[in-house]
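Below you'll find the structure, written out as structure tokens, and then a few comments.
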Amino acid sequence: FRIAIGIVILLQFAAVLPDFEKLFSSNSIIPQDIMSVFTPDWLITFSKIVSFLQTLGIEESATMAITKVSFITLCILIITGFYSRISALLLLILQIALLKGSSFFAYGADFFTSMSLFYLILFPADQHFSLRNFIFGRKPGHSNITPVKRLFQIHISIAYFFSGLDK
């Protein structure tokens, strides 16, 4: 699950990467002030992060570059299993900041990405085939993932049920 989700998120981000500035910068296709109309004030969005960092003297282009590198690095950490729960949490925060700040560009896969990252935080996903175990010489332990697995199955079933009902 961890490896598949990491690869899918990385490929999804790679598809957006050439147009990242057109979608998320202050010169985006849809201006940030229009996109912020549909966003609550309490929600941290990417445009708010950029504005905050600009007050600290960090240019928007640097923030964009750091965001791209961080996103790709966190995906790779999830795929390799190097502290994948922490990486999934940080990637979830970054992904939600990007997604909620640009709701005009969001579609169903983005919501399933957020959901999958949440489940990666819950799952002990880096116990098997992980770089962390290889580096620190840990043996994969046995943990009961049935409760989280059932929760995930129920969640997916409900999502697909209502998706089909809506169609």
(message) Can you list residue pairs whose Cβ atoms sit under 8 Å apart, with the first residue in segment 22-40 being surrounded by 13 or more Cβ atoms within 10 Å (Cβ to Cβ) and the second being among the acidic types (D, E)? Count only pairs 6 or more apart in sequence or on different chains.
(response) S25/E60; S26/E60; S28/E21
(message) Being modelled with pLDDT of 85 or more and surrounded by 12 or more Cβ atoms within 10 Å (Cβ to Cβ) is the requirement here; does L74 meet it?
(response) yes
(message) Taking the criterion of being on the phi > 0 side of the Ramachandran plot and in contact (Cβ under 8 Å) with a residue 40 or more places away in the chain, would at least one residue in segment 46-64 satisfy it?
(response) no
(message) Residues to consider are F104, F162; find the one that is within 27 Å of P40 (Cβ to Cβ) and at pLDDT 85 or above.
(response) F162
(request) For segment 82-91, enumerate the residues that are over 26 Å from L23 (Cα atoms) and either among the aliphatic types (A, V, I, L, M) or surrounded by fewer than 22 Cβ atoms within 10 Å (Cβ to Cβ) (or both). (result) F82, Y83, R85, I86
(message) I'd like to know if segment 116-139 contains one or more residues that are open to solvent by less than 80 Å² (accessible area, probe 1.4 Å), aliphatic (A, V, I, L, M) and modelled with pLDDT of 90 or more.
(response) yes
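One line per residue, one yes/no per condition, for (1) hydrophobic (A, V, I, L, M, F, W, C); (2) within 13 Å of the chain's Cα centre (by Cα):
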| position | (1), (2) |
| --- | --- |
| E60 | no, no |
| I78 | yes, yes |
| A88 | yes, yes |
| T113 | no, yes |
(request) Starting from residues that are farther than 13 Å from L98 by Cβ and of a type in the set (D, E, K, R), keep the ones in segment 41-69 and report whichever is surrounded by the fewest Cβ atoms within 10 Å (Cβ to Cβ). (result) D41
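The values are calculated or read from the model by the stated rules, or taken from the named source; none is laboratory data. Just so we're clear, the structure is a prediction, and the values are computed from it rather than from any experiment. Glycine also receives a Cβ, built like all others from the backbone with ideal geometry; neighbour counts cover every protein chain displayed. For accessibility, only protein heavy atoms count, side chains too; no ligands or nucleic acids. Shrake-Rupley method; radii C 1.70, N 1.55, O 1.52, S 1.80 Å.
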